[in-house]
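Novice: Please find one structure pasted underneath; my questions will follow.
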Amino acid sequence: MTQGALRRAVPDEPAFDPHRFPPAARRNRLQQTLLVNRNPLTELARARERHGPVFTMRIYPYQGVVCVTDAATNREVLTDHERFAAGDAADLIEPLVGEHSLILTPSPRHARNRKLLMPPFHGSRLAPWSGVIEALADEYLPELGTGRPVAVRPWAQRLTLDVILRVVFGIDDPSRRDDYRTALDRMMSPGNLALLFAPGPLRRDLGPLSPGRAFERRRAAVDRLLDDEIAMRRADPSAGDKTDVLSLLLAARDEDGVGFTDRELRDELKGLVVAGHETTATCLAWCLHLLAHHPAALSALRADLAAGSTRYLRATIQETMRLRAPVWDAVRIAVRDTELGGQPVPAGAYVSAMFCATHVAADVWDDPDDFRPERLLDGGHDTWSLTPFGGGARRCVGAALAQLELEVVLKAALGRGDLLPGGAPEPVRLLGVTLVPAKGGRVVLRTA
Ligand code: HEM
């Protein structure tokens, strides 16, 4: 697998030096990486308690990641684009999504592409899709509502992938959707994704049997499908009548009348599926898992839904993302030597707005480990203490789509019958950049 022609517009990552970085644990990198993967929230809380809200985590594949974990520094990192650059900061996923994905695009090109990409993701454009999402939920729910413990996350991954194929890619033909499912499942299999985080030599294409070659093959299979799709849709005279995201992107033009190139579109679509599928599925799994273990919140939610309101549902989704942020952080790179919270940050260092830790810090939230959707019914909290979708000019493009999916599927699932625990409350594990329930978030859904 190859790191493409990314133009690195930021300084190279410096070696870790305790005098130039915020304080770090004395563990070696391997130990620290293993501990964080196994128990991310506990490890971060420990570091925060020992060193304060700004500290360094020495985790692979980085030398040292500067983590900020309070509202003020979170805001600084996410909004001060002069000091903290995105784009290059996500270079790890470039072999997967390609260099033209919005996620990797540096400023100022990012602003132009984002302006083209955003309109199809506005809530008003997405609302008409709720019927399609509801129909998909009805199709998938019998697999969940068996009356026995079922892991929600793998179930939800199939569902959210289908939502993307319908709403974002606009694939109507069921057999073509099957082709996409197969190719995308291979490209995003845990083994393939793990390679992104592996040391450089392991990632290289070292011959037909090497993991690097397999990675390339899987990515190329997705590229072929997307290239065909884009060519077909450009040639289709009825394309203008369609309202899926790809159709709208094919027609999008900037102020100079220029649209996306085929290559840009292909990378954008890969970026959207990578950013939007596991994240939403993981959130769905945590929502149902936490509700199953908190019967009082579940009853309050049912009562509110029965009264025709979605207020408590929205608070439940937010509270879930506070306690179990599906994406653990947003990463930037320090453009020059600077400081955060009184700590030094060297140019080129990776800087993480580690909001999963901010969300559960005792000096930021009362009783942070309690699951209490009521606390979010009336807002009132500092915006920068709760940022599951990141913030600033890079805030998640798909937040409204994720919100729509979560609301529609949760309502449909609860409408099916009783929701009960499918085992003990599950600990949190780190998988790539997502915080997942260790056993997939098992619940029992007993159809009425
Ligand atoms: C619960 C589900 C989701 C969560 C928690 C989530 C979270 C995030 C986070 C934390 C970021 C980084 C923001 C930053 O760097 O400041 C992000 C970026 C992004 N997300 Fe999401 N996301 C979700 C669903 C989706 C969906 C459904 C899509 C699209 C189908 C999507 C597309 C994107 C894109 C394209 C970006 C890059 C934005 C940019 O660089 O300008 N996400 N998301």
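Laboratory data are not the source of any read-out in this text; all were calculated from the coordinates shown. Remember, it's a predicted structure, so these values are computed and weren't measured experimentally. A quick note on method: Cβ atoms are made from the backbone with ideal geometry, for glycine too, and the neighbour counts reach across all protein chains shown.
Novice: Determine the distance separating the Cα centre of the stretch 87-164 from the Cα centre of the stretch 238-292; give it in Å without decimals.
Specialist: Answer, in whole Å: 6.
Novice: Among residues other than residue 366 whose Cβ falls under 14 Å from its Cβ, what is the net charge (Lys/Arg +1, Asp/Glu -1)?
Specialist: -4
Novice: So for the stretch 29-447, if I pair up every lysine 8 or more residues apart or on another chain, how many of those pairs have alpha-carbons under 26 Å apart?
Specialist: So the count of such lysine pairs works out to 4.
Novice: Could you rank the peptides 236-243, 345-352 by their average count of other C-beta atoms within 10 Å per residue, with the highest value first?
Specialist: Final packing ranking: 345-352, 236-243.
Novice: Here is a further query. Using +1 at the Cβ of each Lys and Arg and -1 at the Cβ of each Asp and Glu in the chain, identify which of 56, 265, 344 lies farthest towards the dipole's positive end.
Specialist: 56
Novice: Which order, highest average first, do 63-74, 146-157, 112-123, 282-293 follow once you tally other Cβ atoms within 10 Å for each residue and take the mean per peptide?
Specialist: 282-293, 63-74, 146-157, 112-123
Novice: Hey, what number do you get for the chain at 222 nm if only DSSP H runs of n ≥ 4 count, each worth -39500 (n - 2.57), divided across all residues, to the nearest 500?
Specialist: Rounded to the nearest 500, the figure is -14000 deg cm²/dmol.
Novice: Let's see if you can work this out: charge +1 on each Lys and Arg Cβ, -1 on each Asp and Glu Cβ, no other charges. What is the dipole magnitude of the stretch 97-237 about its Cα centre, in debye to the nearest 20?
Specialist: Value, rounded to 20: 660 debye.
Novice: Please tell me the relative contact order of the stretch 316-448 in percent, rounded to the nearest whole number, where contacts are Cα pairs under 8 Å and at least six residues apart.
Specialist: 25 percent
Novice: Something else about it: What are the extents of the Cα atoms of the chain along their three principal axes, listed from largest to smallest and rounded to whole Å?
Specialist: Cα extents, longest axis first: 61, 54, 47 Å.
Novice: For the stretch 29-447, what relative contact order do you get, as a whole percent, if you take Cα pairs closer than 8 Å and at least 6 residues apart?
Specialist: Reported as a whole number, the value is 29 percent.
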